[in-house]
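Structure first, then comments.
Each value in this text was obtained by applying a stated rule to the coordinates, not by laboratory testing. All values reported here derive from a predicted model rather than from experimental measurement. Methodologically, a virtual Cβ is constructed for each residue, glycine included, from the backbone with ideal geometry; neighbour enumeration extends over all protein chains shown.
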Amino acid sequence: MENRKPVILVVNDERSVRELICLYLETAGYTVYQAEGGREAMALVTSPDIIVDILITDIIMPYMHGRELANRICSIKRQIKVLFVSAYSAEILSAQNLCPEGADYIRKPFSKELLLERVSRVWESSPKWKELASRRL
């Protein structure tokens, strides 16, 4: 992987959660963009000036869930990697077909240390979303 920190887009409809995740990432030296939901996120990623390497998104959100958002962003940013965030268990999300098997996932609540460890792992070794999403639809 490149020897640089990834640029991250955080999408979460809960303002306090979104801002806390951004604070954790920014204090660790990451460049971070944020969006309240899918529409705002899509407006950001369609800008040619915006580079996004990792999408950190809540799974359950109004209007567009996290998996749909990841799929749409992947059609524009082909190299994107995804870290899902949810208060629900991975089993529930998988059963509802909202989180594909093998997807990176972190359950709320989580610590700054755990978030930073997961972001590092996603950047270093996780497959790109297009590879994961194609495994099971």
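Here is how the numbers come out for the structure above:
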read-out	value
Cα-based shape type of the chain, given that a ≥ b ≥ c are square roots of the gyration tensor eigenvalues and the cut on a/c is 1.5	rounded
Sequence of Met42, Met61 once ranked by neighbouring C-beta atoms within 10 Å, starting from the fewest	Met42, Met61
Relative exposure of Thr31, Thr46, Thr57, judged by other C-beta atoms within 10 Å (fewest first)	Thr46, Thr31, Thr57
Listed pairs Lys5/Lys108; Lys5/Lys77; Lys77/Lys112 exceeding 20 Å between Cα atoms	Lys5/Lys108; Lys77/Lys112
Trypsin sites (Lys or Arg not before Pro) within region 35-137: DSSP coil, no more than 11 neighbouring Cβ in 10 Å	Arg78, Arg135, Arg136
Mean Cα-pair separation over length for the chain, i.e. relative contact order, pairs under 8 Å, 6 or more apart, %	23
Per-residue Cβ neighbour rank within 10 angstrom, fewest leading, Tyr30, Tyr63	Tyr63, Tyr30
Cα gyration tensor shape for region 18-82, rounded if a/c is under 1.5, else prolate or oblate	oblate
Extended-chain gain in nm, criterion 0.36 nm per residue less alpha-carbon gap, Leu114 and Asp49	20.4 nm
